[in-house]
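Enquirer: Pasting in a structure now, in structure tokens, and then I'll have a few things to ask.
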Amino acid sequence: MTQEIIYTSAPEGLKPGSHGFCTVVSTSGMARNLAMKLESMSAYRHAFPPHTTAARFNPV
């Protein structure tokens with residue numbers, strides 16, 4: 001069975017007290033260890049380094 005999380009920036013996540021970049025939706029009944037593994041693989045990589053003149057071209 002396919003399982004999925006949606007990990008994004010949000011004011012509030014699924015886990016109590018989570019905010020910022022966090023899981024906001026997941027497949028019903030997903031094992032906790034799988035959700036934790038998927039979250040650990042989720043990241044945002046800037047196209048251009050922050051604090052440089054090119055940083056303004058990073059997608060939002």
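Enquirer: Looking only at region 15-36, count every residue that is at pLDDT below 90 and polar (S, T, N, Q) and tell me the total.
Expert: Residues in region 15-36 being at pLDDT below 90 and polar (S, T, N, Q): 0 in total.
Enquirer: Another question, if that's okay. Among what's in region 3-44 and is in a loop (DSSP other than H, G, I, E, B) and either among the basic types (Lys, Arg) or touching an Asp or Glu at 6+ places or on another chain (Cβ under 9 Å) (or both), pick the residue that is nearest to PRO59 (Cα to Cα). Explain how you work it out, then say what you get.
Expert: Here is the first cut: in region 3-44, the residues in a loop (DSSP other than H, G, I, E, B) are 3-4, 11-19, 27-31, 41-44.
Next cut, either among the basic types (Lys, Arg) or touching an Asp or Glu at 6+ places or on another chain (Cβ under 9 Å) (or both) only: 15, 18-19, 27, 30.
Values: LYS15: 27, SER18: 24, HIS19: 21, THR27: 27, MET30: 31 Å.
Applying the filter and picking the extreme gives HIS19.
Enquirer: In the list GLU12, GLU4, GLU39, which residue meets the criterion of being at pLDDT 90 or above, among the charged types (D, E, K, R) and touching a His at 6+ places or on another chain (Cβ under 9 Å)? Lay out the reasoning, then the answer.
Expert: On the way: GLU4 fails: touching a His at 6+ places or on another chain (Cβ under 9 Å); GLU39 fails: touching a His at 6+ places or on another chain (Cβ under 9 Å).
Criteria check complete, one pass: GLU12.
Enquirer: Here's something else I'd like to know. Those residues that are in a helix (DSSP H, G or I) and either surrounded by 12 or more Cβ atoms within 10 Å (Cβ to Cβ) or touching a Phe, Trp or Tyr at 6+ places or on another chain (Cβ under 7 Å) (or both), I need them from region 45-60; list them, please.
Expert: ALA54, ALA55, PHE57
The values are calculated or read from the model by the stated rules, or taken from the named source; none is laboratory data. This structure is a prediction, so every number in the text was calculated from the model and none was measured. Every residue, glycine among them, receives a Cβ derived from its backbone with ideal geometry; neighbour counts consider all protein chains shown.
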